[in-house]
1. Need the full-extension length gain, Asp106 to Asp315, defined as separation in residues times 0.36 nm minus the C-alpha distance. One decimal, nm.
2. List the trypsin sites (Lys or Arg not before Pro) in segment 446-519 that DSSP assigns to loop (not H, G, I, E or B) and whose Cβ has at most 14 other Cβ atoms within 10 Å. Which are they?
3. In nanometres, what is the gap between the two model label sites at Ala351 and Ala306, each 7 Å from Cα along Cα-to-Cβ?
4. How high is the FRET efficiency between His458 and Glu521 when r is their beta carbon distance and R₀ equals 22 Å, given to the nearest 0.05?
5. If I model a spin label at Ala399 and Ser31 as a point 7 Å from the Cα along the Cα→Cβ vector, what separation in nanometres do I get?
6. Would you report the distance distribution of C-alpha pairs in the chain as whole percents per 10 angstrom bin, up to the bin with the largest distance?
7. With a point put 7 Å past each Cα toward its Cβ, work out how far Thr288 is from Ala252 in nm, to one decimal.
8. Apply the membrane-span-like helix rule to the chain: whole DSSP H runs, Cα extent along the own long axis of at least 24 Å, mean Kyte-Doolittle hydropathy at least -1.0. List the helices found.
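What follows is calculated from the coordinates using simple rules that are stated; it is not laboratory data. Being a predicted model, the structure only gives us computed values, none of them experimental. A quick note on method: Cβ atoms are made from the backbone with ideal geometry, for glycine too, and the neighbour counts reach across all protein chains shown.
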Amino acid sequence: MSADRDFDVVVIGAGAAGLYALHRIRGLGLSVRVFEQGGGVGGTWYWNRYPGARCDVESWDYCYSFSEELEQEWDWSERYPTQAELERYFNHVADRFDLRRDIEFDTRVEQARFDESRNRWIVRTSTGATVSARYLVSAAGCLSEVHKPRITGADTFAGEQHHTARWPAAGVEVTNKRVGVIGTGSSGVQVIPQLAKRAEHVFVFQRTAQYAVPAHNRPLDDETRNELKRSFRQRQAFKRTTRMGMSNPPPAVSSALEVDEATRTDILEASWRRGGLAFPGTFDDISTNAESNRYVARFVRDKIRARIEAPEVADALLDIDHAFGARRPIVDIDYFEAYNRDHVTLVDVGAAPITEVTPRGLRTTEGRYDLDVLVYATGFDGMTGALLSMGIRGVGGLALRDKWADWPSTYMGLVASGFPNLFMITGPGSPAVFSNVMLSIEQHVEWIADCLAHMVKHGLNRIDANPEAEAQWTRRIHELAARSVVGKTNSWWTGANIEGKPRGVTMYLGGAHNYRAACDEIAADGYRGFVLSR
Ligand SMILES: Cc1cc2nc3c(=O)[nH]c(=O)nc-3n(C[C@H](O)[C@H](O)[C@H](O)COP(=O)(O)OP(=O)(O)OC[C@H]3O[C@@H](n4cnc5c(N)ncnc54)[C@H](O)[C@@H]3O)c2cc1C
């Protein structure tokens, strides 16, 4: 198939990863084209417009660090930025670095096929165009492929229904309406208290009870903002030395078992008062030591119970079947307090599952709920969903879907053997969502750009992963996961929310700092484990 246009690099997606990839790779003097299926930039922060949507990594950590001018000119208004503020930020970045001229919006990459004779990717888009590129960079996102469970009768519902990640830009009117929310993960926990402010009644359909840590959000004043700007570089350097890529202070003591009960409680209380994602890092061994985890889990349960007035509601919200941190930690604002309002009802669909959606609402094995609006806060086909939803074919026409049928093996989460010249940003096998994703994105983009510069400089046209290096890296991913509580329960972290998906933690759990060092070492060692050729 001949291509309409040829580029050095095609980037899929114009979220945080795609924007930076475009800026960085264009800076090498290469021609770049970005295809984005949405109508604007920002990815996650373009799509997730539901009330209450905000980042749960702090604004001063969840931002780019590649431009000193950008970091000094942008003012964050709150500790945790809202969707709207983040969308403004990414639009500002797109304008400031003149990125839009190389982005095609409302254009989905539908197929990509590697042409071995020319070492080029042939990319077909939803507009019917075919372009070719030496390199294909997926910035398609690890949480962008929407997951909506199949429920009998879903299409028959007579009211409005919306997925949180496809919330209409014009908003949804819930005033005086009966609203049902399916799902109590991060999105559900954010949207429920907001809907409860206006709806006549909110029914929350909870399948899995979850821990949550209070956000303690606050506005940032000028003094704080100036201080954050002054210390930006220093914090940035520190973040790179940490497991999660955030500038939270390191734990005072490494194990919860190292100190007596009173000291342990004091430490947990101080950490709880600070709130947010620093809390899971109160002790180093929460995710690897079952006893340490039990102390912390008990502390969190007690704190949550104290926020809920009705004991039977507290029992249902705290009927948690997993260790603290086994699922993605949730950071909440007024979530549990929402259940103290008469018009918010928790429906335990773990005990009495949903059987069908009807024109009037929803049925479970035990009841019927009449609804005007149905909200799916049911998350994503994480890590691999977006990549596999495109028809990507590598050497010999092998489909990525077939290569990954049993496990999404990659080398360093960057390249999958048999798919030369395809780079993945925050792909499976990298820390990805098990880190501050902004930092991981920057690290990947910079590594990929350096690699491309190396290829150009040495007249190389093809890079693939050595299958043995890939197998070794995959073993490492499994070993690290086996030692951790992370994923020791069903969740999107283990692919359990998607029927037929291989089960297990696909993220690298060894820490973003160690991962960065490993990537740098490999590059310094002549791209060890990769096969580079003309
Ligand atoms: C509600 C929510 C809250 C989050 N909060 C945090 C947080 O607090 N901290 C954190 O670190 N991370 C968080 N994340 C993870 C978040 O996804 C990342 O932080 C980051 O935004 C990912 O950026 P990205 O560019 O890699 O992917 P995305 O932002 O997902 O962008 C990918 C883009 O690719 C486009 N795309 C996908 N497939 C195609 C295709 N075939 N053709 C064309 N375009 C395509 C999509 O439309 C999308 O715009 C959150 C995610 C969600 C959903």
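1. My answer for the length gained is 70.6 nm.
2. Numbers: sites: Lys457, Arg462, Arg475, Arg476, Arg483, Lys488, Arg503, Arg516; in loops: Arg483, Lys488, Arg503.
Sparse-neighbourhood loop trypsin sites (Lys or Arg not before Pro): Arg483, Arg503.
3. Placing both labels 7 Å beyond Cα along the Cβ direction yields 2.6 nm.
4. Values: r = 19 Å, r/R0 = 0.88.
With a Förster radius of 22 Å, E is 0.70.
5. The modelled label-to-label distance comes out at 3.2 nm.
6. Calculated over all Cα pairs of the chain, the distribution is 4, 18, 28, 27, 17, 6, 1, 0 percent.
7. Placing both labels 7 Å along Cα→Cβ, they lie 2.3 nm apart.
8. Both cut-offs are met by 437-457.
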